[in-house]
Every structure is written in structure tokens, then in C-alpha cells.
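**Student:** Here it is, the structure, as C-alpha cells.
What follows draws every value from the coordinates through simple rules; no lab data is involved. The model shown is predicted, which means the values in this text are computed figures rather than measured ones. Please note: Cβ atoms are built from the backbone with ideal geometry, for glycine as well, and neighbour counts cover all protein chains shown.
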Amino acid sequence: MSTQPDFSLSRSDDGRAYGAATLVVLPDLSRSSNPRSPEARLEEAVSLSAAIALDVRAAEVVRIRAPRPATLFGQGQVEALKARAAELDADLIVVDGTLSPLQQRNLERETGIKIIDRTGLILEIFGERAATHEGRLQVELAHLEYQASRLVRSWTHLERQRGGYGFLGGPGETQIETDRRLLRDRMARLRKELADVARTRTLHRDRRQKAPYPVVALVGYTNAGKSTLFNRLSGADVMAKDLLFATLDPTMRTVEIPGFDKVIMSDTVGFISDLPTQLVAAFRATLEEVLEADLILHVRDISHPDSEAQAADVYRTLAEIGVDLDDGPPILEVWNKIDLLSAELRADLPEREGHVAISAVTGAGVETLTETVSARLQGDRRSYNFDIPVTDGARLAWLEANGEMIERELAGETMHVEVRLSSIDKGRFDRMTADAAA
């Protein structure tokens, strides 16, 4: 008879693993170069667990002098974790770090309790939150790539239509060779479907680039307030809660700012420290919207004690997805949540170019932000001369709406105009002209 512990957790009717009694553990290496304090990292781990409604009964920092290849923790620490979990009647231990497949299996055997690491937890959150077809494909592919070396349960959950992706439960270790074949086949199908989706997204992006509207992308650490700001500017109702990864699927809306009839604004998935490489790769097509933006708004929670470290994580992730931080789209930092700062701290915020301080909740500073965005989009304006047939009312009207008309003179059937345009608008006008001539 098998002595393998039953690591399945009770799920709701749609397969979600809400409510599991959980012990959160942060392994703190003595030589860690992480700029965040262990307490701040543990708080984030608890928030991640709360994002899928796990019942966190305790959270602890475990100091590690030297990581053990077999279990990460020392033998005495493993015994202490087992006793602590039994005391709490916990069904699950979340280790806020990276566990190798061997370490995960050994810890489960030693404690008799289901173990997941930070990557597995984040993937589970994404599995719960992805709402669009593309998002679900991306999350499932990331999950399968993560699980490729963790074949400790069968893959029958691949047929599940809703709910999580199997991190917190499973029927046990069976049919390993069949699992590997099913895994390879499913991953190949997912990659093909995502390639088709990416082609469609590219066509849509090309169509938007031909439209006479600049694109502004919101990026930032998860829970920095991007969606709240997006809703305030666009009048949309994107999910915006005090919750990590409240928004996964990108959303686009047109907004009005001074000097522009329309600006396309894109709300993107939040970043986080140690974002699983599988997710960075899987969401690359979605995040390519950022690469094509005319301006990037980096929304920061300036009230958070680790705001600087969070900003460094965002810039690191932007570089990973291919954003050239030196010569790519310009980046404007939006220092959000000033309403959570004391009057003294607000007064001490440095006055420097490159950021705007706001509260997306109260609206403080948002008008200054829109004016700054307008100035950034128009900052390199120069004058151009065009000769346009008087019958081409569309292009003449576009120049009137998007440029600063300096002079216009009728010469027979041609209108000569001198107009001041930004380089962004000049490029869009050139594409309009090319399309009209085609």
C-alpha cells in the first residue's frame, strides 16, 4: 500500500482552493542581498496568500545559515515546521522562496503536508484571476512549464474548464510516462494557440499605430493603484481593489487630455519581485503593448516603505521584456497614494523633474498629471509644411485637431498649411498619407 500523503485540498464547486488553513514561511538566508526587510517580505507573502483567500493562521521568518540541497531547511527546522503546522491544524505550508522539485517532495514527505513555493503561489493566483481566453492560455502554459520537472501527480486537471491549475491539489503520483506525453502535447497546443493570438494582437496593434492617437501604457508594482488611476482617467470600471494582482488581463480605453481629442491608455498586469520566469515569458505578448507605447506611466505606491525596491523590480522586469530604458519609450513616474502620507511627508517629497505626485483615489494631482502627459507627448513639436488637396477634408481636419495651425493658404485646388506637430503625430500623419495613397 502506498504511503504517499494525500495532498489534495478541498475546493469549491468551480475547483478553487479557497479557505485552506495555511502556514506561511519566509526562508531568510543570512547572506541575502535582498534590499527589503524580512518583515516586509513576509507581509507581502501573506498578502499573496490572501489574494486567493487562503486562511493564513501564522506567518514566520525562518533564518537559514546555509540552504540544504535536500530540504532547504535544516532537519531541526523541518521538525519545527511539522510541529507548528500540526499545532495550527494547517493543510498547507507556503514557502516564500524558490524550492527545487526535490526539496518540495522531501518537505512534503517529512511534514506530511502540502507544500508550495512562491512561484507556485503566484501561478495559482494568476490561474484564479485570468479572465480572457489569452490570459488563461498564458497562465496554463506557464503552469505546465513550471510543473514539467514536478511530475508528482497526474495531469487529469488539464481537462478542467474552470478553477485553479492544480498547484494546491491533485490525485497523486501515477502514470508518469503518460503524464510526460500529455504534458508535451498540451504545451505544444498551447504554444500554437498563443502564436495565433499573438498574430491577431500584432494586427490590432498595427491598426492602432495607423490611427491618429498616441498610446500611453500604465505599468507598476502590483497594488500600486494602476487600475484606480486608469478608472479615474477613462471612466472605466476595471477591477481595482487593495489586492495583489487584481488586474491580469490588459484593458484599453480612450481618454481625453489637454491638446488631444483621444489618447489610448492601456492598463497592464502588475509586476512583483521574483516574478516567475515562466510568467514573464508567457505574458510577453501581452506586455508587448508596453514596447509600442508612446509614453509609459510608471505608477508607484509612494506610501509603501519598500517603494524604491519595488521601482527597481519594475525597471528590471521592463528590461526583461525588451524595453530599452535608455532609448525606448519615455517613462514618467507617477507617485501615487499621497493621501496615505502625513502632511509632513507630503511636504518632504522631492521636487524633481520626471515624476508627478497624485492620489488616484481622491483625484489630487491628477489634473497636473494629464497636463504633464500632454506636454510629454507634445514636447518635441516642430513646424511642418504640407500641400493638401482641398478635397482631402479628412487630413486637413486631422491636422486642425491634432496640430497647432500656424498658417494656411489656398492655392487653386491645393491648401498649403504650416502646422506644428510632435514627432509622434508627424509619424501618424505620414502613415495616414501612405494609407490614402495606397
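**Student:** For segment 21-132, what number results from the quotient of the Cα radius of gyration and 2.2 N^0.38 Å?
**Tutor:** Segment 21-132 yields a ratio of 1.03.
**Student:** Moving to a separate point now. Setting aside same-chain residues fewer than 8 positions from K82, which aspartates and glutamates have a Cα under 12 Å from its Cα?
**Tutor:** D91, E108, E110
**Student:** Along its three principal axes, how long is segment 25-89 when you only count alpha carbons? Whole Å, largest extent first please.
**Tutor:** Each principal axis gives a Cα extent; for segment 25-89 these are 32, 31, 16 Å.
**Student:** Further, regarding this structure: Ignoring solvent entirely, what values of log10 I(q)/I(0) come out of the Debye formula for segment 379-433 at 0.16, 0.24, 0.30 Å⁻¹ when each Cα is a single scatterer?
**Tutor:** -0.42, -0.93, -1.35
**Student:** Mind listing the long-range amide H neighbours of N223? Cut-off is under 5 Å, sequence gap 5 or more, other chains count too, H placed in the peptide plane at 1.01 Å from N.
**Tutor:** Result for N223 returns F245, A246.
**Student:** Considering only A436, V417, P389, whose Cα is most displaced toward the positive end of the charge dipole of segment 382-437, charges sitting on Cβ of Lys, Arg (+1) and Asp, Glu (-1)?
**Tutor:** It is A436.
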